[in-house]
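What follows is calculated from the coordinates using simple rules that are stated; it is not laboratory data. From a predicted model like this one, the values you see are computed outputs, not experimental measurements. Cβ sites come from the backbone with ideal geometry, for glycine too, and all protein chains shown count toward neighbours.
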Amino acid sequence: MRVDLVLELLDSPGQLVKVLEPISTFGANLVTVIHKRDYKNDNGKVPVQLTLEGEHEDIQGIVNRFEDLGFSIIEMDGVVKKEKISTILFGHIVDQDLRDTMDRINELDGVVIVAFDIKLNGEEKSTALINIEADIGRKQVLFDRIAEIAEEKDLLVINEV
């Protein structure tokens, strides 16, 4: 079996080596690796393209291990697995328990906040830009959760279209 993967890795020493370990452990062959360090995304991650060959069970074991290690598989055999979603919150964000807001978003299956930027304006209302990575098909569930949180905390939400 041959599979093409695109992963996102932190641009820090040792990350690529950590990706190679499961491939060796499961006895698959690494056919191609393209490490695009010039293409960092907003949260400092870089795409790495891999082509692997091996038995179906071994490839599945590698993919599972990547996920266990926290590596984001954003594409598999040309099929996008993750999408990036941005949303803006406006209001008294910090006063309304910022940690609770983030935890409630992150507790959704297949959803993780990858960046959270907040602009404070003294005692006035604040603006937060939230960048989220979600499994394909989870966007509406995510938007529903954010709307629920915003209504409860009296925040204005601006979702991407």
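Between K125 and L10, residue separation times 0.36 nm minus the direct Cα-Cα distance comes to 38.1 nm.
Where Rh is the Kirkwood radius over the Cα pairs of the range 2-80, the temperature 37 °C and the viscosity 0.692 mPa s, what D in µm²/s does Stokes-Einstein return?
Details: Rh = 12.5 Å.
Rounded to a whole number, D works out at 262 µm²/s.
Above 27 Å lies some portion of the pair distances; for the chain, what is it as a whole percent of all C-alpha pairs? Before the final figure, lay out the partial values.
On the way: 4615 of 12880 pairs.
The proportion of pairs with Cα distances above 27 Å equals 36 percent.
Helices in the chain, meaning DSSP H runs of at least 4 residues, each add -39500 (n - 2.57). Divided by all residues, the mean residue ellipticity at 222 nm is -9500 deg cm²/dmol. How big, on average over all directions, is the shadow cast by the Cα convex hull of the range 82-159, in nm²? Its Cα hull, projected and averaged over all orientations, spans 4.4 nm². Each residue, E83 and M1, gets one label point 7 Å from its Cα in the Cβ direction; the gap between the two is 2.6 nm. Give the residue list of GluC sites (Glu not before Pro) in the range 1-61 that are DSSP loop and have at most 12 other beta-carbon atoms within 10 angstrom. Those that pass, being in a loop and sparsely packed, are E55. Taking Cβ atoms as reference points and 12 Å as the exclusive limit, the residues near D100 contribute a net charge of -2, counting Lys and Arg as +1 and Asp and Glu as -1.
Taking label positions 7 Å along the Cα-Cβ direction at both D97 and Y39, the computed distance is 4.1 nm, reported to one decimal.
Here the contact order of the chain, divided by its residue count and restricted to Cα pairs under 8 Å and six or more residues apart, works out to 23 percent.
Loop-located trypsin sites (Lys or Arg not before Pro) in the range 22-63 (DSSP state other than H, G, I, E, B) with a sparse environment of at most 10 neighbouring Cβ atoms within 10 Å are absent.
For the range 147-161 versus the range 89-125, the spacing of their alpha-carbon centroids is 11 Å. A straight Cα-to-Cα reach below 22 Å connects K153 with the lysines K119, K125, K139, residues fewer than 8 places away in its own chain not being considered.
Could you sort 131-137, 120-126 so that the peptide with the highest average Cβ count within 10 Å comes first and the rest follow in order? Could the numbers behind the result be given before it?
Values: 131-137: 16.6, 120-126: 10.7.
Descending packing order for the listed peptides: 131-137, 120-126.
Helix 139-153 and the long axis of the chain differ in direction by around 30°, with both axes built from C-alpha atoms.
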